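Asks: Okay, handing you the structure first.
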Amino acid sequence: MRIVDAQVHIWAADTPERPWPRAGAGGRTAVPQRPVAYGADDLIADMDASGIERAVLVAPSWEGERSDLVAAAHARFPERLVFMARIDHRPADAARTLRDLLALPGIRGFRFLLGTDIPLADLPGLGWLWEAIAAAGRSIMIAPRGHFAALAGIAERHPDLRITIDHLGAHAHRKGADAFADVAAMLPLARLPNVAVKASGLPDYSALGSPYPDVEPYVRRVFDAFGADRVFFGSDLTRLPLGYPDLLALFDSFAWLTGGARQKVMGEALLAWLRWD
């Protein structure tokens with residue numbers, strides 16, 4: 001079975017030569033998920049140890065609007081790593097930046113935080129962004145932050161734009177039912193064939209701890225709504241209190257996820273969605 005991780009971050013240390021962005025009086029714009037940098041070599045070693053064939057790198061927010069590290073990782077491991085870039089849509093030269101990024105080898109699209117990277121007030125003027133990404137055959141991954149009506153509007157207006165919702169649509173920094181409070185609001189988006197969901201970061205949302213039994217019902221609801229072709233295994237590894245072996249064991253525990261459906265969720269469906277041959 002081919003196992004493909006739909007989301008993992010890599011990053012370099014914050015140094016004078018390659019500083020992270022600052023907000024306010026020397027404060028960081030975001031905090032990394034681990035105190036020590038996690039690079040492509042670290043990831044490949046972890047993948048090899050657990051039989052993970054490929055992974056999608058998602059450029060992390062704490063490095064700012066940078067995609068250089070993930071692009072370099074693809075160049076080193078072109079058969080195993082592709083990436084979702086970051087872009088700021090607000091500068092006057094954003095369209096040119098978008099064209100340059102779309103020309104990079106290994107790019108499969110962009111990742112956004114709805115309501116943060118993309119303020120809701122900006123959505124009416126972003127048709128050019130979605131259209132250009134779709135025209136290039138690329139997709140977006142998006143953290144909806146509960147804004148499912150706005151996300152549905154994007155999907156409906158741009159049916160050729162493939163959209164993947166992060167982490168079962170869960171709320172960051174919440175646990176259990178509170179984390180998954182918006183799953184019911186997300187399920188109607190299953191009617192839109194250009195919307196899929198990452199089953200990623202799951203242990204971090206558990207209120208019960210290992211073996212994380214409280215996340216399974218939400219995975220099952222999303223699977224039943226979206227189907228095996230539009231639900232993707234993912235780790236968000238650097239945020240988790242465990243490694244790949246325990247995460248794979250969690251997915252192994254889903255007795256209802258078997259056969260061809262399991263093969264799709266664990267990797268085949270994501271490869272098709274991203275057009276990653």
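Asks: Restricting attention to segment 95-117, which residues are within 29 Å of Asp5 (Cα to Cα) and surrounded by fewer than 18 Cβ atoms within 10 Å (Cβ to Cβ)?
Replies: Thr97, Arg99, Asp100, Ala103, Leu104, Pro105, Leu113, Gly115, Thr116, listed by residue number.
Asks: Another question about this same structure. Which of the residues belonging to segment 140-170 are under 11 Å from the mean Cα position of the chain (by Cα) and on the phi < 0 side of the Ramachandran plot?
Replies: Ile140, Met141, Ile142, Ala143, Ile163, Thr164, Ile165, Asp166
Asks: To continue, here is another question. Taking the options Leu202, Leu187, Leu271, name whichever one is out of contact with any Ser or Thr (no Cβ under 7 Å at 6 or more places or on another chain) and under 30 Å from Pro35 (Cβ atoms).
Replies: The match here is Leu202.
Asks: Right, something else. Say whether the condition of being surrounded by 12 or more Cβ atoms within 10 Å (Cβ to Cβ), in contact with a Lys or Arg (Cβ under 9 Å, 6 or more places away or on another chain) and of a type in the set (A, V, I, L, M, F, W, C) is met by at least one residue in segment 118-130.
Replies: yes
Asks: State which residue pairs qualify: first residue under 11 Å from His167 (Cα atoms) and inside segment 191-209, second residue surrounded by fewer than 17 Cβ atoms within 10 Å (Cβ to Cβ) and of a type in the set (Ser, Thr, Tyr) in any location, beta carbons under 9 Å apart, and separation of 6 or more residues or different chains.
Replies: Pro203/Ser210
Asks: Report, ordered by the first and then the second residue, all pairs with beta carbons closer than 9 Å, sequence separation of six or more or different chains, a first member in segment 135-158 that is over 21 Å from Leu270 (Cα atoms) and free of Cβ contacts under 8 Å to residues at least 24 places away in the same chain, and a second member that is not charged (D, E, K, R) and not in a loop (DSSP other than H, G, I, E, B).
Replies: Partner pairs satisfying both residue conditions: Ala149/Ala185.
Asks: Something else now. Out of all the residues in segment 90-102, is one or more free of Cβ contacts under 8 Å to residues at least 40 places away in the same chain, touching a helix residue (DSSP H, G or I) at 6+ places or on another chain (Cβ under 7 Å) and among the β-branched types (Val, Ile, Thr)?
Replies: no
Asks: Within segment 94-107, can one find any residue that is closer than 17 Å to Leu270 by Cα and within 18 Å of the chain's Cα centre (by Cα)?
Replies: Looking through segment 94-107, at least one residue is closer than 17 Å to Leu270 by Cα and within 18 Å of the chain's Cα centre (by Cα).
Asks: Residues Asp229, Asp224, Asp252, Asp214: which one is free of Cβ contacts under 8 Å to residues at least 12 places away in the same chain and farther than 25 Å from Ala49 by Cα?
Replies: After ruling out the rest, the residue left standing is Asp224.
Asks: OK, next. List every residue pair whose Cβ atoms lie under 9 Å apart, where the two residues are 6 or more positions apart in sequence or sit on different chains, the first residue falls within segment 8-20 and is of a type in the set (Lys, Arg), and the second residue, located anywhere, is in a loop (DSSP other than H, G, I, E, B) and at pLDDT 90 or above.
Replies: The qualifying pairs are Arg18/Ala12.
Asks: Given the criteria under 17 Å from Gln7 (Cα atoms) and not β-branched (Val, Ile, Thr), does Ser253 qualify?
Replies: No, not satisfied.
The values are calculated or read from the model by the stated rules, or taken from the named source; none is laboratory data. Keep in mind that what you see is a predicted model, and the values were worked out from it rather than measured. Reconstructed Cβ throughout: ideal geometry from the backbone, glycine too, with neighbour counts over all protein chains shown.
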